[in-house]
Amino acid sequence: EKAEWSKLKNSATVTADGKHFDIAANIGTPKDLAGANANGAEAIGLYRTEFLYMDSAELPSEEDQFQAYKTVLEGMNNKPVVVRTMDIGGDKHLPYLPLPEEMNPFLGYRAIRISLDRQDIFRTQLRALLRASAFGKLCIMFPMIATLQEFRQAKAILQEEMQKLKADGIAYDEKDLQVGIMVEIPAAAVLADQFAKEVDFFSIGTNDLIQYTMAADRGNDQVSYLYQPYNPSILRLIKRTIDAAHQEGKWVGMCGEAAGDSIMTPLLMGMGLDEYSMSATSILRVRSLMKHLDTNELQELVEQAINVSLTNEENKQLVTKFVEEH
Ligand code: PEP
Ligand code: MG
């Protein structure tokens, strides 16, 4: 099995019926590029920039950030790189940025909510990103978007920084830069049709989408039985998001753990998810699985999983049986 996988390192991800999907890597620092490239990542689907902030004794400067982003863009040789703006808060803290004590940190002041409030921090990151965009194919992604207004506000700030760079004669990618959001709050999935008109892409964050849909802390063992990626409620939100994006001609990725889960693969392929971003060590396993599946045969499976099955467990068995028989 492993031998077959390694042959797939330098090939694109093509299904049994000749469809192409992108398998991308999740990274936390520029050091992770080596693993992404060694495993044949077709893109970076999620660069979690909060590690830049967490590994630093103070707010990282525009220059330090620019260097990190540039390294990643150059290292991917013009393949797409989705960089997520700072997702601090929840369980991730910065010693030099005191956050309020909160009853429910995961429902509190985090990610884009901090960025829109602390625009000094946000603008520095956006400037570093824009400057780096001259060195590759950058997609900027905002985390934890709940409302259209948040997205519009974040995008307006980005555009202001573009204007400033332009006025200063500093280069950035004016042509192909994409701006998208994580779909990880149920409100965004429910209104995916409206968001799809305004974004360039979606990336579904199942880790948080499951947590918030099931109202079950993703890190709490006592409620981990509710962490149900195959629950029809979750699958419906995912399908709704994919359909809404495609309706507007936009692409959709997934960067939560579910993107690299072999049980999810046939379902996501059947729904037409475009990009699958996972830890580098999962890439070849998923690429190999996709190669053996025919998307025409997956439509009925998706239909069953969403409209007939009632439980997470039933869907797990449904897909396992399907894969064994194909
Ligand atoms: C997610 O929520 O699915 C995600 C990819 O982001 P994180 O795990 O960093 O919250
Ligand atoms: Mg998340």
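Read-outs throughout are calculated quantities, based only on the coordinates presented, and are distinct from any laboratory measurement. Because the structure is a prediction, the values reported are computed rather than measured. Glycine also receives a Cβ, built like all others from the backbone with ideal geometry; neighbour counts cover every protein chain displayed.
Scoring Ile23 on the criteria (1) within 16 Å of ligand 2 (Cβ to nearest atom); (2) more than 15 Å from Met141 (Cβ to Cβ); (3) surrounded by 19 or more Cβ atoms within 10 Å (Cβ to Cβ) leaves a single failure, condition (1). Screening Leu99, Leu59 for residues that are among the hydrophobic types (A, V, I, L, M, F, W, C), more than 16 Å from ligand 2 (Cβ to nearest atom) and surrounded by fewer than 17 Cβ atoms within 10 Å (Cβ to Cβ) leaves exactly one candidate, Leu99. Take the conditions (1) over 23 Å from Ile181 (Cβ atoms); (2) surrounded by fewer than 23 Cβ atoms within 10 Å (Cβ to Cβ); His246 misses just one of them, which is (1).
For region 249-276, a residue qualifies if it is within 16 Å of ligand 2 (Cβ to nearest atom) and assigned to a helix (DSSP H, G or I), and the qualifying residues are Glu257, Ala258, Ala259, Gly260. Here Ala34 meets each of (1) buried (at least 18 other Cβ atoms within 10 Å of the Cβ); (2) hydrophobic (A, V, I, L, M, F, W, C); (3) not in a loop (DSSP other than H, G, I, E, B) with one exception, condition (1). If you go through region 198-230 and keep only what is surrounded by 22 or more Cβ atoms within 10 Å (Cβ to Cβ), touching a Ser or Thr at 6+ places or on another chain (Cβ under 8 Å) and among the polar types (S, T, N, Q), you end up with just Ser203.
What's the total number of residues in region 185-220 that are outside any loop (DSSP other than H, G, I, E, B), within 15 Å of ligand 2 (Cβ to nearest atom) and over 18 Å from Asp274 (Cα atoms)? The qualifying residues number 11. Scanning region 21-37 for residues that are in contact with a helix residue (DSSP H, G or I) (Cβ under 7 Å, 6 or more places away or on another chain) and among the hydrophobic types (A, V, I, L, M, F, W, C) yields Phe21, Ile23, Ala25, Ile27, Leu33, Ala36. Is it the case, given these coordinates, that Ser279 is within 16 Å of ligand 2 (Cβ to nearest atom) and in contact (Cβ under 8 Å) with a residue 40 or more places away in the chain? So Ser279 passes the test. Residue pairs whose Cβ atoms lie under 6 Å apart, separated by 6 or more positions or on different chains, with the first residue in region 191-207 and over 14 Å from Thr147 (Cβ atoms) and the second assigned to a loop (DSSP other than H, G, I, E, B) and more than 16 Å from ligand 2 (Cβ to nearest atom), are Ala196/Glu248; Ala196/Lys250; Lys197/Glu248; Phe201/Lys250.
Considering only residues of region 221-248 that are outside any helix (DSSP H, G or I) and more than 16 Å from ligand 2 (Cβ to nearest atom), which is nearest to Val83 (Cα to Cα)? Checked region 221-248; the qualifying residue nearest to Val83 (Cα to Cα) is Glu248.
For region 86-107, indicate whether the set of residues that are free of Cβ contacts under 8 Å to residues at least 24 places away in the same chain and under 18 Å from the mean Cα position of the chain (by Cα) is non-empty. Among the residues of region 86-107, at least one is free of Cβ contacts under 8 Å to residues at least 24 places away in the same chain and under 18 Å from the mean Cα position of the chain (by Cα), which makes the answer yes.
Just one residue in the set Leu52, Leu73, Leu46, Leu59 is of a type in the set (A, V, I, L, M, F, W, C) and part of a loop (DSSP other than H, G, I, E, B); that residue is Leu59.
Of all the helices (runs of 4 or more DSSP H) wholly in region 108-184, which have at least 3 residues that are without any contact (Cβ under 8 Å) to a residue 60 or more places away in the chain, surrounded by fewer than 17 Cβ atoms within 10 Å (Cβ to Cβ) and among the basic types (Lys, Arg)?
Numbers: elements: 112-117, 119-132, 148-167.
Correct list: 148-167.
Residues to consider are Ser288, Ser309; find the one that is assigned to a helix (DSSP H, G or I), surrounded by 15 or more Cβ atoms within 10 Å (Cβ to Cβ) and not aromatic (Phe, Trp, Tyr).
Ser288
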